[in-house]
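A quick write-up on the structure given underneath.
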Amino acid sequence: MKPTPHIGATNETIAKTVLLPGDPLRAKYIAERHLTGAVQFNAVRNMLGYTGTYQGKPVSVMGSGMGIPSIGIYSYELIHFYGVQRLIRVGSCGSFQSDLKIRDIVVGLSASTNSNYASQFALPGTYAPSASWRLLRLAVEVAERKGIDVKVGNILSSDIFYDDNKDAWKQWANMGVLAVEMEAAALYMNAARAGVDALCILTVSDSLVTHEATTAEERQSSFNQMVEIALELA
Ligand code: HPA
């Protein structure tokens, strides 16, 4: 196996299931805290990737970077060059809804977007990027079993963090979109195109409604709950 332009692994060291936090140091944290016998397979651009086992099952974890272009590249290479079958983004989001509080966990049923990523598929209409039903159902079952409350719905994958139009998000909120992040739509499209499974699980790190934000400690504990759900999907 040859390295890709962005992933240096040269042999069969990437598992069929990969967790994708945005931040590569989160990947390191997950590998050290949650995986057994984790071995690093990537450091190209410091986009750290590790493979270990969780309850005896092989699992990899690698940073995706921020934004649709970045996760678009990494997920494509993982699927097409390394045979990855299940890609689970674990990230953070900004809440659009007053009943979606900071630290809540969101599962992205579908991902609306303001990105042009879908144009490459030359579809004769608009596309609805959607989670893998298999992974989504399993994630909800796991969360119920663990007594972790999750909200499931449409999220927005935005290309813009600092929007010139400060109220643009309200239009999405009016359509029932739960929260904003910056990667899921590309992940869902790449997975759909390749016929593999993808899911996006998020913790609410800030609220566009109330302007509250989580502290670093708060982020860590809800982050761990989300990762525990994701790891069960391997
Ligand atoms: N915007 C985009 N992505 C995010 C946000 C946000 O407010 N919060 C966490 N990820």
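The values are calculated or read from the model by the stated rules, or taken from the named source; none is laboratory data. The model shown is predicted, which means the values in this text are computed figures rather than measured ones. Reconstructed Cβ throughout: ideal geometry from the backbone, glycine too, with neighbour counts over all protein chains shown. Ligands, DNA and RNA are stripped out before the accessible areas are found, and what is left, the full protein with its side chains, is counted by its heavy atoms. Shrake-Rupley method; radii C 1.70, N 1.55, O 1.52, S 1.80 Å.
A few comments on the model shown:
- As a rough guide to protection, the peptides 19-26, 132-139 ranked by mean Cβ packing within 10 Å, highest first, stand as 19-26, 132-139.
- Above-threshold pairs, the threshold being 29 Å between Cα atoms, out of 2/28; 28/170; 101/146; 146/166: 28/170; 146/166
- Amide H to amide H, with H built 1.01 Å from N, residue 152 comes under 5 Å of 107, counting only residues 5 or more places away or on other chains.
- Förster radius 41 Å - calculated FRET efficiency between residue 217 and residue 121, Cβ distance, rounded to 0.05: 0.45
- Taken one residue at a time, the phi angles of segment 162-174 give Karplus couplings (6.51, -1.76, 1.60, θ = phi - 60°) of 9, 7, 5, 9, 5, 9, 4, 4, 5, 5, 5, 4, 4 Hz. Gly and Pro are set to x.
- Per-peptide packing, taken as the mean over residues of other Cβ atoms within 10 Å, places 115-123, 191-199, 172-180 in the sequence 191-199, 172-180, 115-123 from highest down.
- Take the chain with all the other protein chains still there, run a 1.4 Å probe, and you get 47 Å² of accessible area per residue.
- Rounded tilt (10° steps) of 24-34 against the dominant C-alpha axis of the chain: 70 degrees
- In the chain, the calculated helix contribution to ellipticity at 222 nm averages -10000 deg cm²/dmol per residue, counting -39,500 (n - 2.57) for every DSSP H run with n ≥ 4.
- Interchain or long-range residues, amide H under 5 Å from residue 84's placed H: 79
- Between 0 and 90 degrees, the angle of helix 133-146 with respect to the longest Cα principal axis of the chain falls at about 80 degrees.
- The accessible surface of the chain, taken with every protein chain in place and a 1.4 Å probe, is 52 percent carbon and sulfur.
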